[in-house]
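Visitor: Before we start, here is the structure in question, set down as structure tokens.
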Amino acid sequence: MGKLFQYIPMRERYVIIPAGGTGSRMGSELPKQMLDLCGKPVLRWTVELFLSQPFEVRIIISINESIKDMWLEYCYKNNFVFPHVLVTGGFTRFHSVRKAMKYLPEGASVAVHDGVRPLLRLGDIAALYDEAEEYPAVVPVIPVADSMRTFSAGSAQDGTEWGVSRIVDRSIYRLVQTPQVFHTEVLKRAYGQPYSREFTDDASVVEKNGVPLHFCQGSRFNIKLTAPDDMALAAALIDSGCLR
């Protein structure tokens, strides 16, 4: 008699894109998610990562109120029309993501992805969603390549303000990236917690609520655009074609 297999349907797939940052570290009056990158706003590049998946991803954008009208006007003028929910961002990233919870059903998977991380291969995102079919909290990480030091209070001998330093073992550290993918029931329950300053990303919120994290290999291309040099690097990566 043949082996019986139980069919488990794929969870519906969502993404929350927090896009509430400003352009302060970019030295720009324009919020960084609306800066031009090779002819398109950074946020459009990020959104297109999910629109281009071989499966449907329902999109929720939690956006800085100061650019909400700018984004809608851009989409209208450039015929960039697609179904999405637009949520006005909150005081912190935590509050911005929490405001999107009411648009998530139970029993789905949701990625949370920074609006200013536009440099991913499509297959990297699909692989994370696939991992989330089995694990309730999937987090991409990469090893630290550079030497690392910790600095204590005080002034160094050369007069700088860095203080006294010591080398640390970089092998025990990992850099954490997005998209982080969760079962929606897990993420909604975790965001019922009060806000804490220790919540630096969604994984920290979920872990605080007692859910173990499943770590996957991230990508060195997946940089977060925070400074002008990042924009130049992003443009070079796009022009090189290495993200295709």
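Visitor: I want to verify a result. In a Gaussian network model of the chain, Cα cutoff 10 Å, which of these has the top mean-square fluctuation: THR150, THR184, THR226?
Guide: THR150
Visitor: How many percent of DSSP beta bridges within the chain run antiparallel, rounded to 5?
Guide: Taking every DSSP beta bridge within the chain, about 45 percent pair in antiparallel fashion.
Visitor: Also, quick follow-up: What number comes out for the charge environment of MET148, summing +1 per Lys or Arg and -1 per Asp or Glu over other residues with Cβ under 11 Å away?
Guide: Cβ neighbours under 11 Å give a net charge of +1.
Visitor: I'd like the Kirkwood hydrodynamic radius of the chain, using the inverse of the mean 1/r over distinct C-alpha pairs, in Å.
Guide: With all distinct Cα pairs of the chain included, I get 19.5 Å.
Visitor: Of ILE59, ILE223, ILE172, which has the most accessible area with a 1.4 Å probe, and how do the rest follow in descending order?
Guide: From most accessible down to least: ILE172, ILE223, ILE59.
Visitor: Distance check, please: which entries in LYS102/LYS208; LYS32/LYS208; LYS188/LYS208; LYS68/LYS224 exceed 25 angstrom between their Cα atoms?
Guide: LYS32/LYS208
Visitor: Below 15 Å, Cα to Cα, which aspartates and glutamates can LYS40 reach? Residues fewer than 8 away in the same chain don't count.
Guide: Result set, ordered by chain and number: GLU48, GLU73, ASP239.
Visitor: For the full complex of protein chains and a 1.4 angstrom probe, list SER152, SER219 by accessible area with the highest value first.
Guide: SER152, SER219
Visitor: Identify, among SER152, HIS84, MET101, the residue whose Cα sits farthest towards the positive end of the charge dipole of the chain, taking +1 on the Cβ of Lys and Arg and -1 on the Cβ of Asp and Glu, with the dipole about the Cα centre.
Guide: Checking the options against the dipole of the chain, the answer is MET101.
Visitor: Mean residue ellipticity at 222 nm from the helices of the chain, using -39,500 (n - 2.57) per DSSP H segment of n ≥ 4 over the full residue count, to the nearest 500 deg cm²/dmol?
Guide: Helix contribution divided over all residues of the chain: -7500 deg cm²/dmol.
Visitor: Send over a whole-number figure in Å² for the accessible area per residue of the chain, probe 1.4 Å.
Guide: So the chain comes to 55 Å² accessible per residue, rounded to a whole number.
Visitor: Same structure again: Only four residue types carry charge here, +1 at the Cβ of Lys and Arg and -1 at the Cβ of Asp and Glu. Report the dipole size of the chain about the Cα centre in Debye, rounded to the nearest 20.
Guide: The calculation lands at about 280 debye.
The values are calculated or read from the model by the stated rules, or taken from the named source; none is laboratory data. Owing to the predicted nature of the structure, the values given are computational and were not obtained by experimental measurement. Because the Cβ atoms are built from the backbone with ideal geometry, glycine has one as well, and the counts that use them run over all protein chains shown. Keep in mind that these areas ignore ligands, DNA and RNA; they rest on the heavy atoms of the full protein, side chains included. Shrake-Rupley method; radii C 1.70, N 1.55, O 1.52, S 1.80 Å.
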